[in-house]
Amino acid sequence: MSNKVIELQNIRRDFTVGDETVHALRGVSFDITEGEFVTIMGTSGSGKSTLLNILGCLDTPTSGEYLLDGIPVRSMSKSQRAILRNRKIGFVFQNYNLLAKTTATENVELPLMYNPDISSSERRKRAEEALDAVGLGDRKEHKSNQMSGGQMQRVAIARALVNNPAVILADEATGNLDTRTSYEILMLFQELHRKGRTIIFVTHNPEIANYSSRNIRLRDGHIIEDSVNTNVLSAEETYRTLPKDIDD
Amino acid sequence: MNYTNLFKIALKALAHNKMRAFLTMLGIIIGVASVITMIALGQGTQKSIQKEISSMGSNIIMIHPGGERRGGVRLDPSEMQTLKIQNFEALKKECMYVAAISPYATASGQLVCGNNNYPTSVTGAGIDYIEIRQLTIEDGTMFTESDIKTSAKVCVIGKTIVDNLFPDGSDPIGSTIRYNQVPLKVIGVLESKGYNSMGMDQDDIVLAPYTTVMKRMLAVTHFNGIFASALSEDVTEYATDEIRTILRREHRLKDSDPDDFMIRTQQELSDMMNTTMNLLTTLLACIAGISLLVGGIGIMNIMYVSVTERTKEIGLRMSVGARGIDILVQFLIEAVLISVTGGIIGILLGCSACLAVKYLANWPVYIQIWSVILSFAVCTVTGIFFGWYPARKAANLDPIDALRYE
Ligand SMILES: Nc1ncnc2c1ncn2[C@@H]1O[C@H](COP(=O)(O)OP(=O)(O)OP(=O)(O)O)[C@@H](O)[C@H]1O
Ligand SMILES: [Mg+2]
């Protein structure tokens, strides 16, 4: 029996703006087991990012229980949650969020810098392996401002991989990229999925749901659909059918 | 936690923001260096003036002709001629609190010796003059009482005169120098005293018997003034009272008449100087305080702005697992490195500026340890506090709020 990486029980998140209260999540519950590739979809403002931030321990739910790898998160202190992020979570942002003027390797090393159990040689080795895994073996010493958007997103993915997390979370990871590059990134996620990673991928693009194993749809802070995809397409095949030399 | 890693992180962050680090440091450097230099200058001037005054003899009494001057009123020349030889003799005979007393009269003109000449003034003096002014004969002898009686054509000269009239290094003793047609035989050379704090050359001096100067050079019967020294500093006041009584009697002044002479003591002069100097030091300290404040505000601004501007970076670091304390320690290490380095550079710069002033401009400077410690402490504490305080605020944010920060 595969174990549950994520258990959400009736998660709510309210924001107070002035006198008004915005209910971004109104009771969300689901479980994710190890090795799933889940896409979360929904219209703008439906609460996708809010949900993902809570899953990534970047934000705290107003109520409800969240268990990550069996550990209850809500009652944790800020420092404990920081350690949890450091060991269990890899987060990929839409706008990459790399350290400026810093080489790819140093960016990827960053999570391990905050883990005192890892020696500097081990850190370097793992960062280079992660960069090799995302196909940036030849860009290790390039600085973040010397790379294209797609390359920067690969660095961000390598950074999300490097601590060997229980789950990789991506918020519109392809949102800033053109179609071809988006499929390249998608191929990368599919490959990571094949290797057994648990992935949660937030996206606007309904097509992307065809490449994941499960799809959750949100509207106004509620789950309106949670379906398993029986016919997973291969991003690599789609990529090959894309016209090569046409400007997007 | 692993401080080595945090140290590396802080060093990298500094290396990526050299300009910002430099600007912050500059505030600290200028603050520290200016305080050290200002205080050292103020103290140096004060100390050297104090030394000067005490080396002049704190018990000196100076008597000048003419009463208290009233601004703008032109004095009758006869008023300037009230100090005569018989006044001096009366003082010399009767004063009990006076240890030494000497009249003086000065004549100015050109000194000539062979091919060399030098413009200066000749001071006609009594035997006690060198005791009162704390001069020492280095070579030869001082003139004697009988030289004074006979208006002997002899003189004692200072180092500057020797250097100018005998540039070939020959022994001046025994040679004759001419002063406005009057030949003077050099019988002694004074020990060098160097420049005083007002920049006056104390070795530019020619002493001759006052009778010689008054009769042979000036053809007058009055003195320019009389110098005396009290038995000790404590009795200076008694001595001045005594002198005043004797002179008023000698000048046959009625009780209602004002003094037709002026008595000044070194004590008064030194009190006056000290008041002025204290004012100057206070002023310099104020300027230094203001530069420290301005430096501090500069440090505060850059530190504050840089942390605010780096809130996104803080959010990113927290999103990959940095705890609040890790962020704080990183910013604290950065602030300490910047502040301490800046402080040390400031101290070095301040001290070298002091030395430069001392050796290039020949100004007296005394570096005060307390000013070094105070300015260093103020700047580093400001730097560290304003590195730490905004970082603490940022580190307390939820990572997502820090990431969203605009
Ligand atoms: N920090 C916040 N303060 C107040 N309201 C917020 C905040 N973050 C999100 N919200 C509100 O919560 C709701 C959900 O926002 P969220 O960012 O999760 O939407 P989303 O599904 O990611 O939309 P998009 O597809 O446009 O990214 C929105 O109505 C938004 O206004
Ligand atoms: Mg969103």
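Just checking, which of B:E313, B:E309, B:E250 is within 23 Å of B:A13 (Cβ to Cβ), buried (at least 17 other Cβ atoms within 10 Å of the Cβ) and not aliphatic (A, V, I, L, M)?
Of the residues listed, the single one that is within 23 Å of B:A13 (Cβ to Cβ), buried (at least 17 other Cβ atoms within 10 Å of the Cβ) and not aliphatic (A, V, I, L, M) is B:E313.
Being among the polar types (S, T, N, Q), surrounded by fewer than 22 Cβ atoms within 10 Å (Cβ to Cβ), away from ligand 2 (no atom under 13 Å from the Cβ) and more than 14 Å from every other protein chain (Cβ to nearest Cβ) is the requirement here; does A:T33 meet it? Spelling it out, A:T33 is indeed among the polar types (S, T, N, Q), surrounded by fewer than 22 Cβ atoms within 10 Å (Cβ to Cβ), away from ligand 2 (no atom under 13 Å from the Cβ) and more than 14 Å from every other protein chain (Cβ to nearest Cβ). No other residue among A:G42, A:G64 is surrounded by fewer than 20 Cβ atoms within 10 Å (Cβ to Cβ), touching a residue at least 40 places away in the same chain (Cβ under 8 Å), away from every other protein chain (no Cβ under 14 Å) and not polar (S, T, N, Q) apart from A:G64. B:F143 meets the conditions (1) under 21 Å from B:G114 (Cα atoms); (2) crowded, with 20+ Cβ neighbours inside 10 Å; (3) more than 33 Å from the chain's Cα centre (by Cα) in every case but one. The failed one is (1). Could you please find all residues in the range B:363-387 being farther than 30 Å from B:T45 by Cα and surrounded by 18 or more Cβ atoms within 10 Å (Cβ to Cβ)? Listed by number, the residues that qualify are B:T382, B:G383, B:I384, B:F386, B:G387.
Hey, can you tell me all the residues within the range B:227-244 that are part of a loop (DSSP other than H, G, I, E, B) and within 11 Å of B:A100 (Cβ to Cβ)? Reasoning before the result, please.
Applying the first criterion (part of a loop (DSSP other than H, G, I, E, B)) to the range B:227-244 yields B:231-232.
Result: B:L231, single match.
Within the range B:89-126, the residues that satisfy the criterion of being surrounded by fewer than 21 Cβ atoms within 10 Å (Cβ to Cβ) and part of a helix (DSSP H, G or I) are B:E89, B:A90, B:K92, B:K93, B:E94. Applying the condition of being small (G, A, S) and part of a loop (DSSP other than H, G, I, E, B) to the range A:34-63 and asking which residue is farthest from ligand 1 (Cβ to nearest atom) yields A:G35.
Residues that are closer than 26 Å to A:S77 by Cβ and away from chain A (no Cβ under 14 Å) within the range B:275-325 comprise B:V307, B:T308, listed in sequence order.
Filtered by the rule that a residue be within 13 Å of another protein chain (Cβ to nearest Cβ), without any contact (Cβ under 8 Å) to a residue 40 or more places away in the chain and outside any helix (DSSP H, G or I), the range A:115-136 gives A:P116, A:D117, A:I118, A:S119.
Between B:L374, B:L328, which is away from chain A (no Cβ under 14 Å) and in a helix (DSSP H, G or I)? Checking each option against the conditions leaves just B:L374. Checking each residue in the range A:84-114 for being within 7 Å of another protein chain (Cβ to nearest Cβ), in contact (Cβ under 8 Å) with a residue 40 or more places away in the chain and assigned to a helix (DSSP H, G or I) picks out A:N86, A:L110, A:P111. The condition of being within 12 Å of ligand 1 (Cβ to nearest atom) and surrounded by fewer than 15 Cβ atoms within 10 Å (Cβ to Cβ) does not hold for A:V28.
Residues of the range A:137-147 include at least one that is touching a residue at least 40 places away in the same chain (Cβ under 8 Å) and assigned to a helix (DSSP H, G or I).
The lone criterion from (1) crowded, with 22+ Cβ neighbours inside 10 Å; (2) within 16 Å of ligand 2 (Cβ to nearest atom); (3) within 30 Å of B:L6 (Cβ to Cβ) left unmet by A:P111 is number (2).
Picking from residues in the range B:391-406 that are more than 11 Å from ligand 1 (Cβ to nearest atom) and buried (at least 20 other Cβ atoms within 10 Å of the Cβ), the one that is nearest to the other protein chains (Cβ to nearest Cβ) is B:P399.
Every number here is computed from the coordinates shown, using simple stated rules; none is lab data. Not measured: the values here are computed from a predicted model. Methodologically, a virtual Cβ is constructed for each residue, glycine included, from the backbone with ideal geometry; neighbour enumeration extends over all protein chains shown.
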